[in-house]
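Each reported figure results from applying straightforward, stated rules to the coordinates on display, with no laboratory input. Remember, predicted model here, so these are calculated numbers, not experimental data. All Cβ positions, glycine included, derive from the backbone under ideal geometry; neighbour counts span all protein chains shown.
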Amino acid sequence: MLYRDQGVVLRTIKLGETDRIVTIFTQGHGKIRAVAKGIRKPGSRFGARLEPTTHVALQCYKGRELDIVTQTETIDSNRALREHYGCLTHSVSMLEATDQVAQEREPNPALYRMLVGALRTLGESPTPLVSAAFFWKLLSLEGFHPLLDVCARCGADGPFTAFDLHEGGVLCESCGRFAGRRVEPETLAMVRRILGGELRSALAEPTSAITVETERLALTSLEHHLERRLRSAALL
Ligand SMILES: [Zn+2]
């Protein structure tokens with residue numbers, strides 16, 4: 001059966017002499033894995049269109065496990081993301097997170113919009129806050145909404161000095177002495193802005209130790225969350 005869709009290439013691996021298996025997060029079919037035949041031959045009609053971060057329109061034959069790509073057309077090459085090393089690492093970590101969260105052949109329109117939007121924004125304004133915001137919103141999409149205004153352990157209303165995903169959010173000075181990860185109050189303020197609907201103004205902030213810490217905190221929280229989810233899924 002032939003189908004058409006559009007999607008973002010998450011990763012590719014070599015197959016045989018000239019082919020690749022391409023993992024694509026599509027709008028209408030969720031995550032798919034498809035064989036791009038002859039893609040590694042010089043002058044292949046797929047060429048650079050199926051590189052990670054590329055947004056493509058595609059036509060595939062549906063297979064039992066692997067589909068077969070028959071046609072592709074570039075919607076947005078997102079080439080700037082691959083040519084700028086800083087952008088590349090941020091994009092790759094967003095693609096990896098998407099790969100972990102997206103289910104095969106299960107559409108996830110909210111995640112799809114987030115990813116396409118984040119890649120476009122990163123191309124326009126390359127700041128770590130783009131991927132930071134993506135990870136915080138992904139956590140929220142996964143059902144984890146961190147407590148940011150009261151201590152997650154004792155309910156005190158600040159000042160907060162640490163963040164602990166297992167406790168569910170920020171920790172006050174005395175609780176933070178024994179648990180969580182120390183974070184600057186400015187970083188917590190940044191997370192509040194990202195999740196509180198002030199993302200656009202936050203993105204205008206220049207890159208600083210705070211924007212970098214905001215991304216790192218988001219990424220470690222997401223990793224903890226996904227690990228715990230994978231472990232609990234393994235127990236089922
Ligand atoms: Zn406390």
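What is the extension gain from E106 to S201, computed as 0.36 nm multiplied by their sequence separation minus the C-alpha to C-alpha distance, in nm to one decimal? Could you put the intermediate results ahead of the total?
Numbers: separation 95, 0.36 × 95 = 34.20 nm, distance 3.33 nm.
Separation in residues times 0.36 nm, less the Cα-Cα distance, equals 30.9 nm.
For the residue pair L141 and A57, what label-to-label distance in nm results when each label sits 7 Å from Cα along the Cα-to-beta-carbon direction?
2.3
Could you give the distance between the Cα centres of the range 45-82 and the range 149-189, to the whole Å?
If we compute the Cα centre of each part, the gap is 43 Å.
Using DSSP loop states and a limit of at most 11 other Cβ atoms within 10 Å to flag GluC sites (Glu not before Pro), what is the longest stretch of the chain containing no flagged site?
Here the longest segment lacking exposed loop sites spans 66-236.
Report, in debye and to the nearest 20, how large the dipole of the range 80-235 comes out about its Cα centre when Lys and Arg carry +1 and Asp and Glu carry -1 on their Cβ.
Numbers: 16 positive and 20 negative charges, 37 e Å.
Here the size comes out at about 180 debye.
Going by how many other Cβ atoms sit within 10 Å of their own, how do I68, I194 line up, fewest first?
By the 10 Å Cβ count, ascending, the order reads I68, I194.
Give a quick list of chymotrypsin sites (Phe, Trp or Tyr not before Pro) in the range 150-236 that DSSP marks as loop, anything other than H, G, I, E or B, with at most 10 other Cβ atoms within 10 Å.
Within the range 150-236, the qualifying chymotrypsin sites (Phe, Trp or Tyr not before Pro) (loop, at most 10 other Cβ atoms within 10 Å) are F178.
To the nearest 10 degrees, how steeply does helix 209-235 sit against the main Cα axis of the chain, on a 0 to 90 scale?
70
Add -39500 (n - 2.57) for each DSSP H run of 4 or more in the chain, then divide by its residues: what number comes out at 222 nm, to the nearest 500 deg cm²/dmol?
Result for the chain: -13000 deg cm²/dmol, rounded to the nearest 500.
Once amide H atoms are placed 1.01 Å from N in the peptide plane, what residues at a sequence separation of 5 or more from L147, or on another chain, have their amide H within under 5 Å of its amide H?
G169, V170
Simple spin-label model, 7 Å along Cα-to-Cβ: R192 to I75 in nm?
Result: 3.7 nm between the two label points.
Quick one: what does P(r) look like for the chain with 10 Å bins over all Cα pairs, in whole %?
All Cα pairs, binned at 10 Å, distribute as 8, 30, 30, 20, 10, 3, 0 percent.
Which whole-Hz ³J(HN,Hα) couplings does the range 165-173 yield from phi under the Karplus relation 6.51 cos²θ - 1.76 cosθ + 1.60, θ = phi - 60°, glycine and proline marked x?
Calculated HN-Hα couplings, in order: 4, 5, 7, x, x, 6, 10, 6, 4 Hz.
Using alpha-carbon pairs under 8 Å, 6+ residues apart, how would you state the relative contact order of the chain in percent?
Relative contact order, the chain: 14 percent.
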